[in-house]
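K.L.:
Right, I'll just put the structure down here and ask away after.
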Amino acid sequence: MMIGAEGASSSKKARISENPVSKNRPYFALVVDDDPMIRRIHSMILKSVGFKVEVAENGKEAVDLFRTGAKFHIVFIDMEMPVMDGIEATKAMRAMKVESKIVGVTSRNSETEREVFMQAGLDLCYTKPLTMAKIVPLLEELQKN
Amino acid sequence: MVGTSLQQELNNFVRSLREQGILDHNFDTLSRIQNDQSPLFVTEVINLFTRDAENAITQARDSLQEPSVDYDKLIAAVHQLRGASSSIGGCRVALACRELRSAIDDKDKERCNEILQRIVEEYQTLHVNLAHILNLGRQILALQRGQHQA
């Protein structure tokens with residue numbers, strides 16, 4: 001059973017959505033971005049469709065969450081971040097056998113740069129911003145599985 | 001009622017910005033997901049965007065003023081600004097950032113400076129209009145709070 005990051009510090013506890021997609025099956029998402037504005041927007045969009053959301057400010061925080069036993073159905077991760085970027089974090093998560101769907105979200109639109117990000121172990125790579133049109137199919141896929 | 005007309009004024013204003021191409025549908029998304037639990041969400045996002053944008057523009061300007069342009073730093077600034085502006089619906093700023101990235105790839109300092117100036121102008125236009133949106137939003141919220149207390 002997938003659970004949220006109950007081992008995380010109190011300052012990073014997920015806010016419980018009042019409108020879960022399914023009362024029996026909440027879906028947990030991790031938003032990883034060094035930009036507080038992006039974290040805020042992506043969290044709100046995800047919560048609006050029923051996800052329970054945790055945030056991390058960089059790749060290392062995201063990897064540490066998984067190391068403490070946190071599990072997420074889906075991770076939305078930026079490419080460029082200080083401390084540990086999205087590419088290194090994705091590689092690290094896959095090396096830890098993290099099975100969550102990992103979706104890259106980047107402002108970079110160079111095919112080469114995105115390909116490098118994909119090669120790190122992403123399932124998908126989207127250009128910012130994250131939108132309902134991008135999230136809803138992902139949610140439907142989770143529900144199907 | 002005053003509240004209704006203020007809300008209508010805000011809606012009409014945002015619509016006109018959409019028609020002028022200053023904002024796109026991503027701003028509408030932000031407005032739609034604002035809720036009772038986060039009534040100041042759009043305000044927070046606009047304030048965060050302003051901070052992000054001004055930092056990124058300063059960083060870009062500093063990079064271009066160096067004797068030997070630090071293109072890596074410039075790229076980082078441009079991408080931050082592009083991501084932030086597209087997330088808030090500031091499509092003209094985002095588009096100009098894309099053009100700047102192209103000029104950076106060509107290592108064309110003169111063109112970079114021209115496009116950065118255009119980014120600054122587009123940002124200032126966006127900033128003024130977002131400030132007006134914030135002002136209307138504040139008035140609406142104050143009215144709603146006054147009505148709740150009455």
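K.L.:
Which ones in the stretch B:87-107 are within 9 Å of chain A (Cβ to nearest Cβ) and among the polar types (S, T, N, Q)?
P.N.:
Hit for the stretch B:87-107 is B:SER87, nothing else.
K.L.:
Any idea how many residues of the stretch B:65-86 are more than 8 Å from chain A (Cβ to nearest Cβ) and surrounded by fewer than 20 Cβ atoms within 10 Å (Cβ to Cβ)?
P.N.:
10
K.L.:
Residues being more than 7 Å from every other protein chain (Cβ to nearest Cβ) and hydroxyl-bearing (Ser, Thr, Tyr): count how many of those fall in the stretch A:33-59.
P.N.:
1
K.L.:
If you don't mind, another one. Taking the condition closer than 26 Å to B:ARG111 by Cβ and either surrounded by fewer than 16 Cβ atoms within 10 Å (Cβ to Cβ) or touching a Phe, Trp or Tyr at 6+ places or on another chain (Cβ under 7 Å) (or both), does B:ASP24 pass?
P.N.:
no
K.L.:
Residue under question is B:ARG32, and the condition is that it be within 14 Å of chain A (Cβ to nearest Cβ), surrounded by 17 or more Cβ atoms within 10 Å (Cβ to Cβ) and over 19 Å from B:THR125 (Cβ atoms); does it hold?
P.N.:
no
K.L.:
Which residues, taken from the stretch A:121-142, are not aliphatic (A, V, I, L, M) and not in a helix (DSSP H, G or I)?
P.N.:
Across the stretch A:121-142, the qualifying residues are A:GLY121, A:ASP123, A:CYS125, A:TYR126, A:THR127, A:LYS128, A:PRO129, A:THR131.
K.L.:
Hey, among the residues in the stretch A:82-120 that are assigned to a loop (DSSP other than H, G, I, E, B) and among the small types (Gly, Ala, Ser), which one's nearest to A:ASP33 (Cα to Cα)?
P.N.:
Selected residue: A:SER107.
K.L.:
Testing B:ILE33 on (1) within 30 Å of B:ASP105 (Cα to Cα); (2) modelled with pLDDT under 95; (3) in contact with a Lys or Arg (Cβ under 9 Å, 6 or more places away or on another chain), one condition comes back false. Which one is that?
P.N.:
The single condition B:ILE33 does not satisfy is (1).
Conditions (1) surrounded by 24 or more Cβ atoms within 10 Å (Cβ to Cβ); (2) more than 17 Å from A:LEU130 (Cβ to Cβ), marked per residue:
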site	(1), (2)
A:ARG25	no, yes
A:ILE41	yes, no
A:LEU46	yes, no
A:PRO82	no, yes
A:ALA89	yes, yes
A:VAL103	no, no
A:GLU111	no, yes
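K.L.:
Among the residues of the stretch B:40-59, are any crowded, with 20+ Cβ neighbours inside 10 Å and of a type in the set (Ser, Thr, Tyr)?
P.N.:
Within the stretch B:40-59 (the criterion being crowded, with 20+ Cβ neighbours inside 10 Å and of a type in the set (Ser, Thr, Tyr)), the answer is no, since none of the residues qualifies.
K.L.:
Determine, yes or no, whether A:ILE77 is crowded, with 23+ Cβ neighbours inside 10 Å, closer than 24 Å to B:ASP24 by Cβ and among the β-branched types (Val, Ile, Thr).
P.N.:
The answer is no for A:ILE77.
K.L.:
How do the helices (runs of 4 or more DSSP H) wholly within the stretch B:11-127 filter down when requiring 1 or more residues that are of a type in the set (A, V, I, L, M, F, W, C), over 17 Å from the mean Cα position of the chain (by Cα) and more than 26 Å from A:MET132 (Cα to Cα): which remain?
P.N.:
B:41-65, B:71-88, B:91-105
K.L.:
Please indicate, with yes or no, whether at least one residue in the stretch A:65-72 is out of contact with any His (no Cβ under 9 Å at 6 or more places or on another chain), farther than 14 Å from A:SER100 by Cβ and away from chain B (no Cβ under 14 Å).
P.N.:
Yes; the residues of the stretch A:65-72 include at least one that is out of contact with any His (no Cβ under 9 Å at 6 or more places or on another chain), farther than 14 Å from A:SER100 by Cβ and away from chain B (no Cβ under 14 Å).
K.L.:
Only one of B:ARG111, B:ARG98, B:ARG51 is among the basic types (Lys, Arg) and at pLDDT below 95; which?
P.N.:
Being among the basic types (Lys, Arg) and at pLDDT below 95 holds for just one of B:ARG111, B:ARG98, B:ARG51, which is B:ARG98.
K.L.:
While we're looking at this one, here's another question. Quick check on the stretch A:52-81: of everything there that is acidic (Asp, Glu) and outside any strand (DSSP E or B), which residue is modelled with the lowest pLDDT?
P.N.:
Checking each candidate, the answer is A:GLU80.
The values are calculated or read from the model by the stated rules, or taken from the named source; none is laboratory data. Being a predicted model, the structure only gives us computed values, none of them experimental. Please note: Cβ atoms are built from the backbone with ideal geometry, for glycine as well, and neighbour counts cover all protein chains shown.
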